[in-house]
Amino acid sequence: MSVRNNICILLNKKLKDEKVLSQKEFAGKLGVSQATITKWLNGFNAPDIELLPLICEIFDLSLYELFGISDPYNLSGEDKLMLKKIKSNPALKEVISKIAD
């Protein structure tokens, strides 16, 4: 499966199946038109590379997940949850950063 197809499938899942956001809300967060989102969902086009990190942030995905690539680190669900908590907590990020240095 191509990266473009995987992005199309994931966006359809998040917007249509899970109804995480409306197409209009999603378009607003990305600064694109709703017509652009429709083209992505129908597989006629794909998001610009500059938008991929923001899309991942909005849907809490890694770029690996967005691209349909297996996680090279093979992190467990528990480890991914821990990383998510660290990323969302500035104090924890600072402590981890100091330990890593």
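The values are calculated or read from the model by the stated rules, or taken from the named source; none is laboratory data. Worth saying up front: this structure is predicted, and the values here are computed from it rather than measured. Ideal geometry is used to build each Cβ from the backbone, glycine not excepted, and the neighbour counts take in all protein chains shown. For accessibility, only protein heavy atoms count, side chains too; no ligands or nucleic acids. Shrake-Rupley method; radii C 1.70, N 1.55, O 1.52, S 1.80 Å.
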Problem set entry | Qualifying position, being over 13 Å from the mean Cα position of the chain (by Cα) and open to solvent by 60 Å² or more (accessible area, probe 1.4 Å), among Ser22, Ser70, Ser76, Ser33 | Ser70
Exercise. Can you tell me how many residues in the range 13-37 are of a type in the set (Ser, Thr, Tyr) and modelled with pLDDT under 95?
Worked result: 1
Seminar exercise, completed: Restricting attention to the range 10-59, the residues that are part of a helix (DSSP H, G or I), in contact (Cβ under 8 Å) with a residue 12 or more places away in the chain and of a type in the set (Val, Ile, Thr) number exactly 4
Problem set entry | Condition met for Leu66 (in a helix (DSSP H, G or I) and in contact with a Cys (Cβ under 8 Å, 6 or more places away or on another chain)) | yes
Exercise. Can you find even one residue in the range 52-62 that is open to solvent by 80 Å² or more (accessible area, probe 1.4 Å), modelled with pLDDT of 90 or more and either in contact with a His (Cβ under 7 Å, 6 or more places away or on another chain) or acidic (Asp, Glu) (or both)?
Worked result: yes
